[in-house]
Amino acid sequence: MKCRKCTQKATINMRQHKLALCSGHFLEWFVQHTQRFIQKYHMFGPDERILLAVSGGKDSLALWDVLRCLEYQVDGLYIDLGINDNTSYSLSSMQKAKDFAQIHDLKLIVVNVIEEEGASIPEAASLTTRGRSKPCSICGITKRHFMNRIAIEGGYDVLATGHNLDDEVAVLFGNVINWQSGYLLRQSPILEHNPEGFIRKVKPFFRFYERESATYTYLRGIDYIQQECPYAEGAKTIYYKEVLNQMESKRPGLKLNFYLSFLRAKEEGLFSQESGIQISDLHPCETCGQPTTAPQQCTYCRTWERARLGKESTD
Ligand code: Q46
Ligand code: ZN
Ligand code: ZN
């Protein structure tokens, strides 16, 4: 198959766009489309400061690469979760993020959860759930807390993450299966800053298939962590991705259409505003000052307090 733009052999055939491109033209297409999505969805402008959550994985490093090529003001944030039992997942992923920052002379902020809270994520999970469930719940709460806090404290205008279309569609699928109207209302490639203390959150890669961001990373020679977090195994979103990929293979474009139709339906008012969080429900957490709807302390502070109490009783 030939590249649509020149006579060279195509490197990638994007069936959903009926577009085959060679390596050079694909890289150009990928960067131009990232810029187009940033502008079309009013994510950020050249004068704004961006904090990018970097996991050491392919999508966040690819996004860092594209944003620096487009000359945006972007710093990285790596949250060290301390997931090193049986694997050295956190150590290895942090090294990838640090190496990328060093090669390109970029600023990387590192937050260490053990230094901040006295326990790693797996340790805190076993203290709060007595090993009954995976650490993903406390992990998600902790990552969201630090991303928002560091972005606000650092005076950034926007927080970016490397989520791609496959990630977004898998979450959408799960939310639809369970008819989670509150989550459906909040699921969006852009969540506006709100005056109560939530930073604007954006996902510039949300229209790219995982295969496209993976091809970009490969062609650019970006060194990323290939190993998955050991707790990702058996996650529902992985199963949803498999199912959606089966459907996509029979109907190219199905995933993109599903997600864009969802955004359109939302714009047309399919999900009632009343099912979401109202700004008036938010107030600062009495311990950390982050916005919350909980009566006194936010979920982050309550969960970590339980972990600390659990630790004291076992010491
Ligand atoms: S939530 Fe769960 Fe992930 Fe945290 S514990 Fe690992 S798999 S890293 S996106
Ligand atoms: Zn070409
Ligand atoms: Zn709090």
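The values are calculated or read from the model by the stated rules, or taken from the named source; none is laboratory data. Just so we're clear, the structure is a prediction, and the values are computed from it rather than from any experiment. Don't worry about glycine lacking a Cβ; one is built from the backbone with ideal geometry, like all the others, and counts go over all protein chains shown. Just the protein is used for accessible areas: all its heavy atoms, side chains included, with ligands, DNA and RNA removed. Shrake-Rupley method; radii C 1.70, N 1.55, O 1.52, S 1.80 Å.
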For an R0 of 51 angstrom, estimate the FRET efficiency from the Cβ-Cβ distance between C288 and I222 and round to the nearest 0.05.
-> 0.90
Using distinct alpha-carbon pairs, which all enter the 1/r mean, Kirkwood radius of region 116-180 in Å | 14.3 Å
Send over the Kirkwood Rh of region 1-88, from the inverse of the averaged 1/r over different Cα pairs, rounded to one decimal Å.
-> 15.4 Å
Computed magnitude of the charge dipole of region 105-259 (debye, nearest 20; Cβ of K, R +1, Cβ of D, E -1) | 540 debye
Determine the per residue accessible area of region 70-158 with all protein chains present and a 1.4 angstrom probe, expressed in square angstrom.
-> 49 Å²
Give me the Debye-computed log₁₀ of I(q)/I(0) at q = 0.13, 0.20 Å⁻¹ for region 165-235, equal point scatterers on Cα only, no solvent, two decimals.
-> -0.57, -1.07
Work out Dmax and Rg for region 47-146 from the C-alpha atoms and quote the Rg first, both in angstrom.
-> 14.8, 47
Treat the chain as a sphere of radius equal to its Kirkwood radius over Cα pairs and apply Stokes-Einstein at 20 °C in a medium of 1.002 mPa s; give the translational diffusion coefficient in µm²/s, rounded to a whole number.
-> 102 µm²/s
Dipole magnitude of the chain about its Cα centre (Cβ charges: Lys, Arg +1; Asp, Glu -1), debye to nearest 20 = 1440 debye
In sequence order, what are the phi-derived ³J(HN,Hα) couplings for region 75-81 according to the Karplus relation 6.51 cos²θ - 1.76 cosθ + 1.60 with θ = phi - 60°, rounded to whole Hz, with x for glycine and proline?
-> 10, x, 10, 10, 9, 7, 8
Using amide H atoms built 1.01 Å from N in the peptide plane, name the residues 5+ places from M14, or on other chains, whose amide H lies under 5 Å from its own.
-> L19, A20, L21
Cα gyration tensor of region 183-315 diagonalised, 5x eigenvalues square-rooted, in angstrom largest first, produces semi-axes 34, 25, 16
So what is the relative contact order for the chain, in percent, with contacts set as C-alpha pairs under 8 Å and at least six apart?
-> 19 percent
Say each of T87 and R264 gets a label point 7 Å from the Cα, pointing the same way as Cα to Cβ; how far apart are those two points in nm?
-> 3.9 nm
For an R0 of 30 angstrom, estimate the FRET efficiency from the Cβ-Cβ distance between A235 and R302 and round to the nearest 0.05.
-> 0.80
